[in-house]
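Asks: Can you read through this structure? Questions will come right after.
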Amino acid sequence: MNPDTTAPTPDAASLLDQWMLGLLVLVPLAFALVVAFSPDKRARATALLGTLAAGLLTVVALARFSWSNGAAFQFEHDVHWLPSLGISVSMGADSVSMLLVALTALLGPICVLASWTAITERVRLYFVSFLILQAAMVGVFIARDIIFFYICFEFTLIPMYVLVSQWGSTERKRAATTFFLYTFTGSVITLAGLVYVAWINAGMAPGLYAGSGSWTFQIATLQITASQHMTLSQQSWVLLALLAGFAVKVPLFPVHTWLPLTHTQAPTAGSVILAGVLLKLGTYGIFRFAIPFCPDAFMHYAPVIATLCIIGILYGGLICWVQEDVKKLVAYSSVAHLGFCVLGLAALNVAGLQGSILYMINHGLSTGALFLLVGFMYERYHTRSMKEIGGLAAKMPVWATFMVFFVMASVGLPGLNGFVSEFLCILGTFQASDKWATGVWGSAGTAIPGATAGNLGPWYALVAGSGVIVAAMYLLIMVGKVVFGPLKEPAGHGGAHGHDEHHGHEDAHATEAHLPADLTAREITALLPLAVACLVFGVFPAPLLSALKGPVDQTVALIDTARQIPPPGTPSTQTAAADLRTLEHEPKEASR
Amino acid sequence: MTIFSSLSMLAATAAPKPMSPILSGPPEALLVLALPILGVILCTLCAIMRVRTRMPAFLTVGCLAAAFAITVGLYLKSGPAPVITSGFEWINLSWGDSAGENSPFHQFIANFSLYLDALTVLWMLFVTGLATLIALYASEYMSGDVGTGYCRFFAAFNLFVFSMSCLVMGDNMLMLFLGWEGVGLCSYLLIGYFYKKPSAVEAAKKAFILNRIGDLGLLMGICLTYVHFGSIEYRDIFAQAQPYIDAAKAGRYSEIPAIVQLIPVLLAVGAFGKSAQLPLYVWLPDAMEGPTPVSALIHAATMVTAGVYLVARMYPLFLLSEIALPLVGWVGALTALFAATIGMAQFDIKRIMAYSTVSQLGYMFAGLGVLTSTGAAFHVVTHAFFKALLFLSCGAIMHGFAGQLDLRKLSGLRRMKGWGIVSLGMLVGCLNLAGFPFTSGFFSKDMLIGEAFVTPGTAPIGWILLLTAGLTAYYTFRVFFRVIVGPVHYEPGDELHSAHEEHAHGDSHNEHAHGDSHNEHAHVEDDHQHHDHGHGGHFHPHAPGWAINTVLLTLSVLSLAASGLYFVPTGVHGGAVPAMVDRSSAAYQSPFAHHAIPEGAGDGGHEGPDHAAETVPSYVPTSIAMEDPHAVEHPHENAGTFLGWDPHAVLFYVSGAVGFIGIFVAYVLHYAGRTTAATARADALLPMLGPIPRWAQHKWYVDEFYNLVVRVPLLALAHTFHLIDKLLVDGLVRMFGAIPRWLGTLIRPTQSGELHGYAAGMATGIAVLLFIVFMLTLR
């Protein structure tokens, strides 16, 4: 950042704060423009510079963000766009948004480094797409207006479509099309749900809600309308519409089938971004929209959502076990992992929500790194089949060390990041039962807002927890085959590219840079920040947990209002059910 | 810096809790954790700088010795009550209204803080002490791998000590879990140390996955503990559990909710996994694929006792359940017997030791189950010494004979030059394991068996343990009589062709500093593709050097000296170690204990002013002890007897006799008249037993059974899911895409682009959905 801009004159500082988020979107876009008009040779370096600049700006934003007030939206700024329709480009970030923006910014330069030698054709288009993707992802996280949100949300698809269809593997066209249509279909339905809420809010449905009389698409306003003035059945439909888009994005079972296909076909950086950030658009959407807009409905349907998550955890995990393609294995593991993430959301208590949001970040770090490692291996061997390769630790000790490290982060080894989030998700699910308070299970006590209330419980936690065993199974079997064991290289592969005797592939991959057997300094540079983050967040997650306390408490308060915890002594499940039944027939404000 | 910063914060949050104040512990305890981490960092640096000397080993020995010294300091300082050394914040959450903040149930706290009581210190003493000795041993044992492998080994070794310290010293269950899984990781890394060997990789994987099954139980136990007691910090749990403890003391188990009684059962599942008990024991014998120092430290002396530690640490909760301790006791006893039967039929001496470890761990669990936590802990300590000694002796043999471990191919080591100390070590270890009178193993085992007969209803466990003691003596001395004594005969193992060759390959461009004859020999053999290298020939065993001999000698002395602990007058039956246990949360004075107190009880000379077996600290542990001052003098009327005698008075002789019988049988069958290494008189007996020896040798086909019952169905399920995913779910999605396309083709046959089909389907879907939504909401 230019020191002039950050100069401590109050005007400059407030101006910077005002435009901070706008800059976070605009800087990658500006660099995309620069890359588009720079020679192919400099495209890489320019893109790296662009992502680094965005990263630096993010660091400034992180430093200026008031973390003690994480629930409040900061750096708010509105740019009027279509005032007559109430549409504006309005931005603001709470701590959840900030952390996800930080994750996006961290993965940016790492992905550029990972694409350094892998992308040799149409370099400019590649990096232009990539930078636009960065901007769109940041846009999703900072949007405070549903139209702006939706535009960014959909705009992630186009560059991703380009990345997969142009630089993917053999089935790239099919994968890209499936990806695009699958997620696009879902998110259009999401838009319908959001617009429906705006429609109600504008008072366009006489007899339902008087409304404000004018259109607005501000998330904050719509959230109040949706959560307070909609009946349970309205909320349920809105929830279904929202989940149609978000569940596909996450992806939840059974709408996950686009993911393994897209991941296996995408270029390495595409997979990293897909797993690291794009999937989080779904979970972020659930946290930001589905829960606050439809708290009653979400609470009501939490067991259904949790069941889908648990099926995803076990189903995805077991499928991982029989994969031969390493990348497909990691892709399916995302289905299992994101199951934990949404399960934490469905728990609707502090532990579950904290765990879930942490999971978004942690999964981005560890799975992103695993995709990087698989990509580095693929660049050297041109195969990802566990039948053809094995025992790479003998050839690539540094790669193997990183692999084991990130696999351990991924299986949730305590001391690394994955454990903290996974444990909190499981604990949250375990707690989330009304029966703890009613004494059915022997511990009569009071319901504790944000902890022991809900309609999940230990059985959900137990079954989901068995996914931890499955995770150890498939990941360690993969490590046992690929990293350890006797060295096995594909036939015709005369050793890594650095070796002298390597002539055969010279012509076939003439444009390809020569890579040494083990990781290069560039590749280690890409992996090291992720490794450090995994370790630090595993040992010292306290700053993250306290940063997330605000938004999580706010959400839990919302849920508790919706839950209307009955006074101790009354059987809460029945009361809640009765509440829901009355809610179904009359608008909520009447029942209060 | 940060380590100490949150101290004040912790104190603040701790203040409103309803509990007796707990003193803050010595800050240097944190160094016990920091030093092994320093070792990890130094070893990693060595790897990065490509150090090709034994530097990592000596850095490790230095770090661990310092940690041991600090632990000794902690021991000297330790008082009767537990203390807590605050570290830093790990996972802290809080919720609820402001009124409820800072009370249990409204916050979740898991800090990097240490809970130091006598149990902690006891465990840390032998963990750090043995780790130091074994690191010294490994400096020589692993010298064939000097280079990156050497650095990797010692980094994992240090990481293990760190994890084990977290497990033992953590002040909450989640930190215990951190260590619990951490030791699992190190075990994984070290079993798979020879990572090119498929069997080693397989064994490492198996260990980790089977442990994870137990870990799930532990995790659920932690969740349940939290939900029920509102905290996972030991001090709070014990404080919260006090009403139940009182109820349990009075035998009013009906007042304890079933859910609370479930907690210890879940924890026990975790303990069975980590400590290799039925039905999760199968990983431990395979874990012998790791280098022998690892087997000695991790898979014999320390890590596998973590389950015993868990039960001992959470003993107050185990006492709340009517089923938990009987479960622990029976599982332990059956494991002891079962593993012993397998151990009798094995030929690989390291495997025999592995099965004996499983068996001895069973003894410890049985001890916990029959209400002698002191006996169990004493057995942990004595076992740690003599089993480490046995493993390290086996390791020296393996090292010297190129990986040979088959007792049919080794004989008469005692008479070979340079093998005196190894033979002595084996003898001392075997005597201890067999429970030869006046060895430490004899006393600790006797405490367990005796208590099993004293505690009402557990006499069957006592009989099983007594029978197993005989079997143990037999298979232990089977090894001794075959390998150490008898005619001199040996064949080298196959390591000439496998492990060493690989290492040579791995470091081929680097000349080893190690010029051992057998290593050079290995190269020669490889070059000539020479397969009939056995039968003496030009193979020269490589006698251990100073580091191995020093460690073996030290451990021999310590294993013998450990029996002295029994006689230390402390007022507690069994001497110093049980006295330490009595000052911890594991304290439990059996109401049926009526053994005579050794002379000079109550002097407390050894324990100094801290001696407090009778002074019950204000908070929990010893308050569980039945506060019946007459229990000692007057035998409890319900106390069991051994065939009408006082078990503790007569079992000294009985178990001694059983041990003698076992040794004598081994002498007759495996030593008397034996002229070759391969055969002994026992072979003539085998046909009489039918297929039983073969079944035992094949470990009763348990692995095959698990494979058939668990793995195969799961794999089938996985394949089915994969198929479903490929066909059904994907097909369904395509069908949804295809229907509009099909409709489209009906309407406009010219159009058949896939994109259009999807788009049409999408638009239709949206339209239908919006229609439904509006219809429903507008009604």
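Read-outs throughout are calculated quantities, based only on the coordinates presented, and are distinct from any laboratory measurement. The shown structure was predicted, so the numbers you read here are calculated from the model rather than taken from an experiment. Glycine also receives a Cβ, built like all others from the backbone with ideal geometry; neighbour counts cover every protein chain displayed.
Asks: Per-residue mean of other chain beta-carbon atoms within 10 angstrom of the beta-carbon, peptide A:394-404?
Replies: Per residue, the average neighbour count from other chains is 2.
Asks: In degrees between 0 and 90, to the nearest 10, how far off the longest principal axis of chain A does helix A:219-229 point, with axes built from Cα atoms?
Replies: 40 degrees
Asks: For helix A:417-431, what angle does its Cα long axis make with the longest principal axis of chain A, in degrees from 0 to 90 and rounded to 10?
Replies: The two axes meet at around 30 degrees.
Asks: Among rounded, prolate and oblate, which fits the range B:35-153 when a ≥ b ≥ c are the square roots of the eigenvalues of its C-alpha gyration tensor, a/c under 1.5 means rounded, and a/b larger than b/c means prolate?
Replies: Since a/c reaches 1.5 but b/c is at least a/b, the shape of the range B:35-153 is classed as oblate.
Asks: Considering every Cα-Cα pair within the range B:122-247, what fraction, in whole percent, is farther apart than 20 Å?
Replies: Summing the P(r) tail past 20 Å for the range B:122-247 gives 56 percent.
Asks: Students often check this: by mean Cβ neighbours within 10 Å, which of A:327-333, A:304-310 ranks highest, and how do the rest follow?
Replies: Ranked from most to least packed, the peptides come out as A:327-333, A:304-310.
Asks: Once you sort the root eigenvalues of the Cα gyration tensor of the range B:243-295 as a ≥ b ≥ c, which label holds: rounded (a/c under 1.5), prolate (a/b larger than b/c) or oblate (the other case)?
Replies: Because a/c hits 1.5 or more and a/b exceeds b/c, the range B:243-295 counts as prolate.
Asks: State, as an integer percentage, the relative contact order of the range A:181-319 based on alpha-carbon contacts under 8 Å between residues 6 or more apart.
Replies: 28 percent
Asks: In what sequence do B:His670, B:His379, B:His698 fall when counting other Cβ within 10 Å, fewest first?
Replies: B:His698, B:His670, B:His379
Asks: May I ask you to list the lysines whose Cα is less than 23 Å away from that of A:Lys280, ignoring any residue fewer than eight positions away on the same chain?
Replies: A:Lys249, A:Lys327, A:Lys328, A:Lys549
Asks: If you fit an axis through the alpha-carbon atoms of helix A:232-249 and take the longest principal axis of the Cα set of chain A, what angle between them do you get, 0 to 90°, nearest 10?
Replies: With both axes taken from Cα atoms, the answer is about 0 degrees.
Asks: Using mean Cβ contacts within 10 Å as the protection proxy, how do B:461-474, A:239-252 order, highest first?
Replies: Packing order, densest peptide first, comes out as A:239-252, B:461-474.
Asks: Follow-up question, since we're still on this one. In debye, nearest 20, what is the charge dipole magnitude of the range B:31-158 about its Cα centre with +1 on Lys and Arg Cβ and -1 on Asp and Glu Cβ, if you could check?
Replies: Roughly 620 debye for the range B:31-158.
Asks: A further question follows. Per residue of A:544-550, how many C-beta atoms from partner chains lie within 10 Å of its own C-beta, taken as a mean?
Replies: 2
Asks: Which three lengths, in whole Å and largest first, does the range A:347-444 cover when its Cα atoms are put on their principal axes?
Replies: Principal axes ranked by extent give 60, 22, 22 Å for the Cα atoms.
Asks: Pull out a ≥ b ≥ c, the square roots of the eigenvalues of the alpha-carbon gyration tensor of the range A:62-133, then state rounded if a/c is under 1.5, prolate if not and a/b is larger than b/c, and oblate in the remaining case.
Replies: The shape class here is oblate.
Asks: Okay, moving on. Using unit Cβ charges (K, R positive; D, E negative) and no other charged atoms, how large, in debye to the nearest 20, is the dipole of the range A:269-382 about its Cα centre?
Replies: 140 debye
Asks: Take the Cα coordinates of chain A, assign each an equal point scatterer, and use the Debye formula without solvent to give log10 I(q)/I(0) at q = 0.07, 0.08, 0.09 Å⁻¹.
Replies: Log10 of I(q)/I(0), two decimals: -0.41, -0.54, -0.68.
Asks: Could you derive backbone 3J(HN,Hα) for the range B:106-122 from the dihedral phi with the Karplus parameters 6.51, -1.76 and 1.60 (θ = phi - 60°), listing whole Hz in sequence and x where the residue is Gly or Pro?
Replies: Result, ordered by residue: 9, 8, 10, 10, 9, 10, 7, 10, 10, 10, 10, 9, 4, 5, 4, 5, 4 Hz.
Asks: Okay, moving on. Per DSSP H run of n ≥ 4, the term is -39500 (n - 2.57); total these for chain A, divide by its residue number, and report the mean residue ellipticity at 222 nm rounded to 500 deg cm²/dmol.
Replies: -22500 deg cm²/dmol
Asks: Please give the charge dipole size of the range B:394-503, origin at the Cα centre, charges +1 on K and R Cβ atoms and -1 on D and E Cβ atoms. Round to the nearest 20 debye.
Replies: 500 debye
Asks: Just order B:85-95, B:176-186, B:550-560, B:415-425 by mean Cβ neighbour count inside 10 Å, highest at the front, would you?
Replies: B:176-186, B:85-95, B:550-560, B:415-425
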